[in-house]
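Structure first, commentary second.
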Amino acid sequence: MTSTGPLTGVNTATGGSTATGVDTATGGSTATAGKTATVGNTALIVAAPGEVALTARTAPAAGPGDTLVRPDLVGLCGTDLEIIDGQVDPAFIRYPLALGHEWTGIVTGDSPLAGTRVVAEGIVACGHCSRCARGETNLCETYDEFGFTRDGAAASLVAVPAALIHPLAPGVTAEDAVLTEPASVVYRGLARAAAGPADRVLVIGDGTIALLAVYLLRLWSPAEVVLLGQRPAQAELAARAGATRFEVSPEAAGAGYDLVVEAAGAIQAAAVALTAARRGGTVLLLGLPPHGQTVALRVDDVVNNDLSILGSFSYTAAAWRDVVRLLNAGLIRPGFVVTHRFPLTAFERALACLRGGDGPRGKVLLQVGSG
Ligand SMILES: [Zn+2]
Ligand SMILES: [Zn+2]
């Protein structure tokens, strides 16, 4: 991604309308798709906090009921950085693990879906506990998720329980598909917050989750969606997402919102969120700050202001299905948020890009295999 270029370019490989970028262009030529396609059974493994490397390993074997998928695009997000940095609550992580909880790929092996582009739910719910029985599969008593407690998809091959596999319509691009997981996280949170038509909504953050929140809020027909970010360089992405306004100071964004969505995953943003809702309003906490951080809460304000404070953890199977339906119907195209794409072999540059740097930055992708 160039730090100066416009966001109006056409992505090299797939024709998706993503930003043109130096990294996209040069990354593809320094480590070619052909090269990454022949790396064999490798995976981007976090052996322990601070230890991340492309590692050779034995290919996963498909057990009974598993489908083998060759991932071609894997999205990276702040949670991957927290996994690498050892900042995720230990209850939700099991090292060593292959990264990759946002991904799409093509089914391979002996399957009726062989050759089909799919996405796969990452949460492996047991299906029979009391939470699962209520459809709250995100809260399954046995937490198990690809990329967290079991190997993710930044790998040559993944074996996935067939029930978690969702085939995509031919018109769904890989860039749109790879956003299914973060879109499902956002969708589930927004569905929980149940914004009303004509509501005024403030979204805090300017990363992928915030941009997708702005984008998906249109499904609830709000009157206004203001995006409060930190980096002026995100203004064009905010406009693409459909933000009514993009602000970089809480004062300019103002307060009195019907719904405030904290999507920055930063504790300071949560503090702002708690003061920006109107009396009787709702604050939805979607972002995931590093484990253990706290924010001061004026409890009497919560009571006096009749405030609803909601957290939303990951996504339910129902939210995932809804997002896949919207994708397959062509009603959402979340791929607009992709700005960077690196071959798997250039993962260090991808991670550096995700950690900072100038210029517009939306979703950072790793291209696995020939894509
Ligand atoms: Zn993520
Ligand atoms: Zn369960």
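The number of residues in the stretch 69-125 that are within 16 Å of ligand 1 (Cβ to nearest atom), closer than 21 Å to Ala350 by Cβ and either in a loop (DSSP other than H, G, I, E, B) or not hydrophobic (A, V, I, L, M, F, W, C) (or both) comes to 17.
Of the set (1) of a type in the set (S, T, N, Q); (2) farther than 26 Å from Gly122 by Cα; (3) crowded, with 16+ Cβ neighbours inside 10 Å, all apply to Thr339 but (2). Within the option set Arg349, Arg341, Arg333, Arg361, being of a type in the set (Lys, Arg), in contact with a strand residue (DSSP E or B) (Cβ under 6 Å, 6 or more places away or on another chain) and within 30 Å of Ala276 (Cα to Cα) holds for one residue only, Arg361. Among the residues of the stretch 88-104, those that are out of contact with any Leu (no Cβ under 8 Å at 6 or more places or on another chain) and not β-branched (Val, Ile, Thr) comprise Asp89, Pro90, Ala91, Phe92, Arg94, Tyr95, Pro96, Leu97, His101. Checking the stretch 176-188 against the condition returns a match, with at least one residue being modelled with pLDDT of 95 or more and more than 15 Å from ligand 1 (Cβ to nearest atom).
Yes/no matrix, rows are residues, columns are (1) surrounded by fewer than 17 Cβ atoms within 10 Å (Cβ to Cβ); (2) under 19 Å from the mean Cα position of the chain (by Cα); (3) in the same structural domain as Gly265 (by TED's automatic domain parsing); (4) aromatic (Phe, Trp, Tyr):
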site: Trp103; (1), (2), (3), (4): no, yes, no, yes
site: Ala120; (1), (2), (3), (4): no, yes, no, no
site: Glu136; (1), (2), (3), (4): yes, no, no, no
site: Ala153; (1), (2), (3), (4): no, yes, no, no
site: Ala162; (1), (2), (3), (4): yes, no, no, no
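Could you tell me whether the stretch 265-275 includes any residue that is under 20 Å from Asp358 (Cα atoms) and surrounded by 24 or more Cβ atoms within 10 Å (Cβ to Cβ)? The answer is no, given that none of the residues of the stretch 265-275 is under 20 Å from Asp358 (Cα atoms) and surrounded by 24 or more Cβ atoms within 10 Å (Cβ to Cβ). Scanning the stretch 176-222 for residues that are on the phi < 0 side of the Ramachandran plot and among the small types (Gly, Ala, Ser) returns Ala177, Ala183, Ser184, Gly189, Ala191, Ala193, Ala195, Gly196, Gly207, Ala210, Ala213. Considering only residues in the stretch 201-235 that are in contact with a strand residue (DSSP E or B) (Cβ under 9 Å, 6 or more places away or on another chain) and of a type in the set (D, E, K, R), the one that is surrounded by the most Cβ atoms within 10 Å (Cβ to Cβ) turns out to be Asp206. Taking every residue in the stretch 229-242 that is within 10 Å of Gly362 (Cβ to Cβ) and pairing it with any residue that is assigned to a helix (DSSP H, G or I) and aromatic (Phe, Trp, Tyr), at least 6 positions away or on another chain, the pairs with Cβ-Cβ distances below 7 Å are Arg240/Phe336; Ala241/Tyr215.
Kindly evaluate Ala243 against the criterion of being buried (at least 24 other Cβ atoms within 10 Å of the Cβ) and within 23 Å of Ser314 (Cβ to Cβ). It is false that Ala243 is buried (at least 24 other Cβ atoms within 10 Å of the Cβ) and within 23 Å of Ser314 (Cβ to Cβ). In the stretch 132-162, what residues are within 12 Å of ligand 2 (Cβ to nearest atom) and touching a residue at least 40 places away in the same chain (Cβ under 8 Å)? Gly135, Glu136, Thr137, Asn138, Leu139, Tyr143, listed by residue number.
The values are calculated or read from the model by the stated rules, or taken from the named source; none is laboratory data. These numbers were taken from a predicted model, which means no experiment stands behind them. Positions of Cβ are generated from backbone atoms using ideal geometry, with glycine treated the same way; all protein chains shown enter the neighbour counts.
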